[in-house]
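Chemist: For reference, the structure I am asking about is given below.
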Amino acid sequence: MPNCEDGEDASTLLLASDGNFYGAAEGGLYGAGLIFKMPAGGKPTPIYNFCSQTNCPDGMYPQGPLIQGTDGNFWGTTYEGGSDNSGTVFKLSPGGKLTTIHSFQYTDGYMPNALIQATDGNFYGTTYSGGTTDCVYFYSSNCGTVFKMTPGGTLTTLYSFDFTHGATPSAPLVEANNGKFYGTTAYGGDDSFYGCVYGCGTVFQITTAGVLTTLYRFGSAQASRPTAPMIQATDGNLYGTALQGEDCSGEIFEITRSGTFTELYCLVEVTSEWLEPGAGLFQSTNGVFYGTAYAGFGGTDRFIASRWGSGLS
């Protein structure tokens, strides 16, 4: 289709209970993004185009990946649009009927990242900006939030970041098997390190009651700028990637739920190209982690990492 009406730059796919794949993409009929459906071995078909309503109360620029809720519907967020142009949470039926569940108002968040549905049945997420705490370093832009939302759309801001405890979370949360949530911020924490003028980022823990604990403040001598979601591995620890580090263009790290941090691998050591792992990790049944990285001099590469060492293929 002309002008990318069938979408471009698609998100990670979701394999739904009906056996089809679903995802979000840029482009679309109105240039504000779309949701598509794709059978295995088939072609994607748009099932909803955002900004189909005047002034885009249905949202703009969906953030993937989608999740399938316990109700069978698909849940997601848009970065902008809604009643205050601060983004939305939406529910989409497999048949393509969209319901805007929440429109952010900046003070409760701006530019929401992807959702998770927790074991308590509620949805949890982060917003890149907005909230009630001013981030002086970001030209009076606020630092972002962590929120909880019921399936009926009642949203509670659990925490507004304040730079010292992190700023601008860029990834979804992960619910660990201890019932607490873990996430990262791309900025904030500590701005005293060379190369991290706006702070190197943090790893945090937060409870369902909104009690936040900063587990780790990144420094430029280690990994910094985590922007991808972490995973909890079979050993109970959390693993993630970061975009920067001293003499590294990307790193893989491990952190325990109590905050013990280990830098596992500096990706520049395994290739002559500069790599930036912009996505999270996946752990296979054999215990090995897999991931992808952007390569500065020739496309993309994929890497594999064990607990004690790494390789590149």
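Chemist: Would you check which residues across segment 128-147 are in contact with a Gly (Cβ under 8 Å, 6 or more places away or on another chain) and either farther than 24 Å from S93 by Cα or of a type in the set (D, E, K, R) (or both) and list them?
Modeler: First, pick out the residues of segment 128-147 that are in contact with a Gly (Cβ under 8 Å, 6 or more places away or on another chain): 128-131, 135, 137, 142-147.
Within segment 128-147, Y128, S129, G130, G131, C135, Y137, N142, C143, G144, T145, V146 qualify.
Chemist: Find the strands (runs of 3 or more DSSP E) located wholly in segment 241-300 whose residues include 3 or more that are modelled with pLDDT under 70 and among the polar types (S, T, N, Q), and list them.
Modeler: Output list is empty.
Chemist: Please specify each residue of segment 36-84 satisfying the condition of being touching a Pro at 6+ places or on another chain (Cβ under 9 Å), among the charged types (D, E, K, R) and more than 14 Å from F123 (Cα to Cα).
Modeler: K37
Chemist: Name every residue in segment 129-148 that is modelled with pLDDT of 95 or more and either surrounded by fewer than 22 Cβ atoms within 10 Å (Cβ to Cβ) or more than 19 Å from V211 (Cα to Cα) (or both), in order of residue number.
Modeler: Within segment 129-148, just K148 meets the criteria.
Chemist: Do you know which residues across segment 174-190 are closer than 22 Å to N142 by Cα and in contact with a Pro (Cβ under 7 Å, 6 or more places away or on another chain)?
Modeler: Within segment 174-190, G183, T184, T185, A186 meet the criteria.
The values are calculated or read from the model by the stated rules, or taken from the named source; none is laboratory data. Just so it is clear, the structure is predicted and the values come from calculations on it, not from any experiment. Methodologically, a virtual Cβ is constructed for each residue, glycine included, from the backbone with ideal geometry; neighbour enumeration extends over all protein chains shown.
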